[in-house]
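Asks: Starting off with a structure, shown below.
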């Protein structure tokens with residue numbers, strides 16, 4: 001099935017609880033995951049909750065990577081949504097699984113933007129509009 005994007009919804013269980021509560025560790029893990037996947041990072045934002053937990057997102061030109069952690073349960077919910085053929089959500093997933101030291105995972109994969117269901121008016125469907133030069 002041809003699609004604009006690929007999404008992995010991942011549940012990481014039995015993770016390192018201290019790491020899940022460290023906003024700097026989570027930020028580094030997520031940014032590294034985006035870079036290893038071949039993504040173009042646009043911006044990132046992360047927040048540490050009191051008394052525990054981290055939420056954050058790395059916005060990439062090809063979509064996003066997000067995480068929400070529950071250190072008290074050793075659990076992290078992760079969404080890896082990538083578009084195009086140059087970024088590997090699987091690489092990001094593997095990096096996060098290993099970095100968070102998850103001993104058990106559950107995933108669901110989705111194909112987003114099914115090309116066969118689109119009616120492009122201006123030629124082939126692309127994951128991003130072509131840039132038009134202002135010259």
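What follows is calculated from the coordinates using simple rules that are stated; it is not laboratory data. Everything numeric in this text was worked out from a predicted model, so none of it was measured.
Asks: In whole percent, what relative contact order does the chain give with Cα contacts below 8 Å and a gap of six or more residues? Could the numbers behind the result be given before it?
Replies: Details: 290 pairs, mean separation 50.3, N = 135.
Relative contact order here is 37 percent.
Asks: Turning to a different aspect of this structure: Per Stokes-Einstein, at 37 °C and 0.692 mPa s, what whole-number D in µm² s⁻¹ belongs to the chain, with the Kirkwood radius over Cα pairs as the hydrodynamic radius? If you can, show how the numbers build up before the last one.
Replies: On the way: Rh = 15.7 Å.
Roughly 210 µm²/s, to the nearest whole number.
Asks: Compute the length gained on full extension between residue 111 and residue 35: take 0.36 nm times their separation in residues and subtract their Cα-Cα distance, giving the result in nm to one decimal.
Replies: On the way: separation 76, 0.36 × 76 = 27.36 nm, distance 2.18 nm.
Additional length available on full extension: 25.2 nm.
Asks: Add -39500 (n - 2.57) for each DSSP H run of 4 or more in the chain, then divide by its residues: what number comes out at 222 nm, to the nearest 500 deg cm²/dmol? Mind showing how you got there, number by number?
Replies: On the way: 3 runs with 30 residues, N = 135.
After summing the helix terms and dividing by the residues of the chain, the value is -6500 deg cm²/dmol.
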